[in-house]
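Trainee: Sharing a structure, written as C-alpha cells. Questions coming.
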Amino acid sequence: MQWTDRIRQVKILLVIAALIIAVVSLLVSHYLVHDLQREERNKMETWAEALHALNEADETTDLTLVLNVMQSNNTIPVIVLNRDGTVTDSRNIEVKGSDSAAYVKAYAERMLRAGDYIKITYGDSTDYQFVCYDESTMLKRLTQWPYVQLGIVMIFVVVAIFALLSSKKAEQNKVWVGLSKETAHQLGTPISSLMAWVEILKENYPQDDLIPEMDKDVKRLERIAERFSKIGSLPEPVESSMNEVIDHVVDYMDRRTSKKVEMVRRLPDHDVRVKMNASLFEWVIENLCKNAVDAMEGKGRIVLTLMEEPGRVVIEVADNGKGIRKKDIKNVFTPGFTTKKRGWGLGLSLAKRIVEEYHKGRIFVKQSEVGKGTAFRIELRSR
C-alpha cells in the first residue's frame with residue numbers, strides 16, 4: 001500500500017514538474033514574440049513615414065534615404081490602400097489562387113479588421129492612406145514553434161515512460177517467474193517426503209479416517225507446487241470443463257472455511273467447455289474466493305456465476321464483504337499492492353497474468369462498493 005502510494009506521488013510530482021516547464025516555456029516564448037511584434041510594428045511605422053515622405057516629395061527632395069528604407073523591407077507583408085479601399089501597392093505577398101487582385105484586397109481587409117494598419121494623412125485630414133501589414137513568416141514560425149517543441153517533448157516523455165514501464169514490467173516478470181520456480185523447487189523435497197510418510201501410514205493404519213484427508217492435503221501441496229512451476233512457461237491449453245473447475249474450488253473452500261461462509265454456485269445445466277490449463281485456472285478462482293473470505297472476515301456469502309455470452313465464457317465471483325475503495329480499484333492487480341496487514345500482494349497480479357497472458361482473456365473488477373462487497377469478472381474466448 002505504501003509502495004503504490006509512493007509511486008503515485010512520484011507520478012504526480014513528475015506531472016507537476018512537466019506542467020511548470022511547459023508554462024515557463026510558453027511564457028518565455030510569449031514575451032519574446034511580443035518583443036519581436038513590437039519591433040516589427042516600429043519598422044512598419046518607419047516604412048509608413050518613408051512612404052509619406054515619398055508621396056509629398058518635390059523636385060528638391062533627396063529620396064535616397066527614403067527609397068533605401070522602403071526597399072529594406074523584404075520580410076513583412078505590406079499592402080497600401082487608398083481611402084476608397086483601392087490597393088495601390090503591395091510587398092512580400094504570396095498570392096494564392098488565380099485572382100491575385102481579389103486575394104490581395106481580401107488580405108488587406110483582414111489586416112484592417114485585425115487592427116494591423118497605420119494611417120497616413122496628407123495635408124488636410126480628408127486625404128489619407130492605410131498601410132496594412134502582417135507578421136513576417138519568421139515571426140509566425142516563431143509563434144508556432146513553442147507548441148511544436150512542447151509536442152515533441154511530450155512525445156519523447158510518453159515514449160520514455162512507455163519504455164520504462166515496459167522495462168519495469170519485464171524485470172518484474174523475471175522476478176515473479178524466478179520466485180515461483182524457486183518456490184516450486186523448494187517445495188518439491190518436503191512434499192516427496194510427506195507423500196512417502198503418508199504411504200507408510202496407510203500400510204500401518206489402514207483403518208484410520210484421518211490419513212485419507214492427510215493424503216488429500218499432500219496432493220493439494222503437490223498441485224500447488226505444479227502451478228508455481230508452470231509460471232513463466234506457456235502451458236498448452238486443453239479443452240476442459242469450467243463447471244468442474246468451479247466445483248473443485250467450491251468443494252475445497254467448503255472444507256477449509258468457516259461454516260458462516262456460504263458458497264453459492266450458479267452454473268448452467270449443460271457442461272461449459274473451454275480451452276485452458278485447468279490447474280492454473282482453478283488457482284485463479286480459488287485465489288478470488290480466498291480474497292473474498294478475507295474481505296468478509298470469515299462471515300458472508302460468495303456467489304460464483306458461470307455463463308455464456310456471444311463469443312465468450314464469463315465467470316463472476318461476487319462477495320458481500322467490505323469492498324474496495326474507488327482509488328484502490330485500479331491498483332488491485334499491481335504487484336505488491338495489498339490492503340491486508342499480512343500478505344505480499346502477489347495473488348491478483350499472478351491471477352491477471354494467468355488469465356490475460358496464458359489464456360488471452362480478461363479479468364477486472366466489475367463493481368465494488370465500500371461496505372457492500374466486490375464482484376470480479378473473468379472473460380474467456382469460447383471455442
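Read-outs throughout are calculated quantities, based only on the coordinates presented, and are distinct from any laboratory measurement. Just so you know, these numbers come straight off a predicted model, no measurement behind them. No Cβ is skipped: glycine too gets one built from the backbone with ideal geometry, and neighbour counts run over all protein chains shown.
Trainee: How tilted is helix 2-55 with respect to the longest principal axis of the chain? Cα atoms for both, answer in degrees (0 to 90, nearest 10).
Mentor: Once rounded, one gets 10 degrees.
Trainee: Right, next: What does the helix-only formula give at 222 nm for the chain: each DSSP H stretch with n ≥ 4 adding -39500 (n - 2.57), the total divided by the residues, and the result rounded to the nearest 500 deg cm²/dmol?
Mentor: -19500 deg cm²/dmol
Trainee: Once the Cα atoms of helix 278-296 and of the chain are each reduced to a long axis, what angle between those two axes, in degrees from 0 to 90 to the nearest 10, is obtained?
Mentor: Helix 278-296 and the main axis of the chain meet at about 80 degrees.
Trainee: A follow-up question, please. For region 250-319, state the average projected area of the convex hull of the C-alpha atoms over all orientations, rounded to one decimal in nm².
Mentor: Taking the Cα atoms of region 250-319, their convex hull projects to 5.0 nm² on average.
Trainee: Using a cut-off of 12 Å between beta-carbons, work out the net charge of the residues near D215 (Lys and Arg +1, Asp and Glu -1, D215 not included).
Mentor: Within the 12 Å Cβ shell, the charges total -2.
Trainee: Further, regarding this structure: Show me the trypsin sites (Lys or Arg not before Pro) within region 349-379 that DSSP assigns to loop and that have at most 13 other Cβ atoms within 10 Å of their Cβ.
Mentor: Sites meeting the loop and neighbour criteria: K360, K372.
Trainee: If N is the number of residues in region 187-294, what value comes out of its Cα radius of gyration divided by 2.2 N^0.38 Å?
Mentor: Rg over 2.2 N^0.38 Å, computed on Cα atoms: 1.24.
Trainee: Rounded to the nearest 20 Debye, what is the dipole magnitude of region 197-300 about its Cα centre when Lys and Arg each give +1 and Asp and Glu each give -1 at the C-beta?
Mentor: With only Lys, Arg, Asp and Glu charged at Cβ, the dipole is about 420 debye.
Trainee: If you don't mind, there's one more thing I want to ask. Which Rg and Dmax, in Å, describe the Cα atoms of region 78-126?
Mentor: Both quantities, over Cα of region 78-126: 11.7, 38 Å.
Trainee: To continue, here is another question. Local charge sum around V33 (other residues, Cβ-Cβ under 12 Å, Lys/Arg +1, Asp/Glu -1)?
Mentor: My count for the surroundings of V33 gives -1.
Trainee: With the cut-off at 1.5 for a/c, could you classify region 255-294 from its C-alpha gyration tensor as rounded, prolate or oblate?
Mentor: oblate
Trainee: From Cα pairs below 8 angstrom and at least 6 apart in sequence, can you work out the relative contact order of the chain, rounded to a whole percent?
Mentor: 11 percent
Trainee: For region 55-116, which trypsin sites (Lys or Arg not before Pro) are in a loop by DSSP, counting at most 15 other Cβ atoms within 10 Å?
Mentor: Here the sparse-neighbourhood loop sites are R83, K96.
Trainee: Summing Lys, Arg as +1 and Asp, Glu as -1, what charge do residues with Cβ under 12 Å from the Cβ of E379 carry, E379 excluded?
Mentor: Charge balance near E379 sits at +2.
Trainee: Nearest 10 degrees is fine. How inclined is helix 137-204 to the longest principal axis of the chain, computing both from alpha carbons?
Mentor: Computed tilt is about 10 degrees.
Trainee: Compute, for the chain, the length of the dipole vector about the Cα centre, with Cβ point charges of +1 (Lys, Arg) and -1 (Asp, Glu) only. Units Debye, rounded to 20.
Mentor: Dipole magnitude for the chain comes out near 2120 debye.
Trainee: Suppose R0 equals 51 Å. What FRET efficiency, 1/(1 + (r/R0)^6) with r the Cβ-Cβ distance, do I12 and K219 give to the nearest 0.05?
Mentor: For R0 = 51 Å, the calculated efficiency reads 0.55.
Trainee: Mind checking which of L112, L51, S229 is farthest towards the positive end of the chain's charge dipole, using Cβ charges of +1 (Lys, Arg) and -1 (Asp, Glu) about the Cα centre?
Mentor: Ranked along the dipole, the leading option is S229.
Trainee: Same structure again: Test of understanding: given the chain, find the longest segment containing no GluC sites (Glu not before Pro) that are in a DSSP loop and have at most 15 other Cβ atoms within 10 Å.
Mentor: Counting only loop sites that pass the neighbour cut-off, the longest clear stretch is 95-296.
Trainee: Now, a different point. Can you give the Kirkwood hydrodynamic radius for the chain, in Å, rounded to one decimal and based on Cα pairs?
Mentor: After inverting the mean inverse Cα-Cα distance, the result is 28.4 Å.
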